[in-house]
Amino acid sequence: STGAAITITKATHAGRITFLGATEGADLKHLLPATPTAGDTYEFVYTGDGAAGHDIQFDGQEAEFLGNIIHDDSNADDVVVNCNGTNEDLLTLTEPTAFHVKFVAINSGQYLVSGHQAGASAPTCTNG
């Protein structure tokens, strides 16, 4: 499902770990609930192969991200990527080999994001 958007819902995904495998497709965008309830938790684990073009995105749909993703770089220095909570609602994991990310709603307009990603390219946190 190249370039597909997947809608994440409270009923189906909150409070659970969602496994994403390498066969999910390239350039997937996961649309988190735009107006979450404080305490709602969404957690994702990926074990893929870091294939070219297999970027995975999480879109808060204007609900901002605040927190850090630790990047375990397979070909250079390790870094921590910061989402500053202001105009950053799109987390892109570029060609990950593996990741574990968690989104916890702080309020109806903001998620606390934490986790780690392994791969050659660092993730980004931007305005979607």
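The values are calculated or read from the model by the stated rules, or taken from the named source; none is laboratory data. As the structure is a computational prediction, the values presented were derived from the model and not from experiment. Note: ideal-geometry Cβ built from the backbone for every residue, glycine included; neighbour counts use all protein chains shown. We work out accessible area using only protein heavy atoms, side chains counted, and drop any ligands, DNA or RNA first. Shrake-Rupley method; radii C 1.70, N 1.55, O 1.52, S 1.80 Å.
Being among the charged types (D, E, K, R) and either touching a Leu at 6+ places or on another chain (Cβ under 9 Å) or open to solvent by less than 30 Å² (accessible area, probe 1.4 Å) (or both) is the filter here, so list the residues in segment 73-96 that pass it.
If the condition is that a residue be among the charged types (D, E, K, R) and either touching a Leu at 6+ places or on another chain (Cβ under 9 Å) or open to solvent by less than 30 Å² (accessible area, probe 1.4 Å) (or both), then 73, 88, 89 are the ones that fit.
If residue 97 satisfies all but one of (1) more than 12 Å from the chain's Cα centre (by Cα); (2) among the β-branched types (Val, Ile, Thr); (3) at pLDDT 90 or above, what's the number of the condition it fails?
With (1) more than 12 Å from the chain's Cα centre (by Cα); (2) among the β-branched types (Val, Ile, Thr); (3) at pLDDT 90 or above applied to residue 97, the lone miss is (3).
Looking at (1) more than 15 Å from the chain's Cα centre (by Cα); (2) in a strand (DSSP E or B), which is the only condition residue 76 fails?
Answer for residue 76: the failing condition is (2).
Going residue by residue through segment 80-88, is there one that turns out to be without any contact (Cβ under 8 Å) to a residue 24 or more places away in the chain and either assigned to a loop (DSSP other than H, G, I, E, B) or among the hydrophobic types (A, V, I, L, M, F, W, C) (or both)?
yes
Return only the number of the condition from (1) over 12 Å from the mean Cα position of the chain (by Cα); (2) modelled with pLDDT under 95 that residue 14 does not satisfy.
Single failed check for residue 14: (2).
Any residue in segment 64-72 that is at pLDDT below 90, over 20 Å from residue 15 (Cα atoms), open to solvent by 20 Å² or more (accessible area, probe 1.4 Å) and of a type in the set (A, V, I, L, M)?
no
If residue 56 passes every condition in (1) open to solvent by 30 Å² or more (accessible area, probe 1.4 Å); (2) modelled with pLDDT under 95; (3) of a type in the set (A, V, I, L, M) but one, which one does it miss?
(1)
Filter segment 29-40 for residues that are open to solvent by 30 Å² or more (accessible area, probe 1.4 Å) and farther than 21 Å from residue 126 by Cα and give the result.
Matches in segment 29-40: 37, 38, 39.
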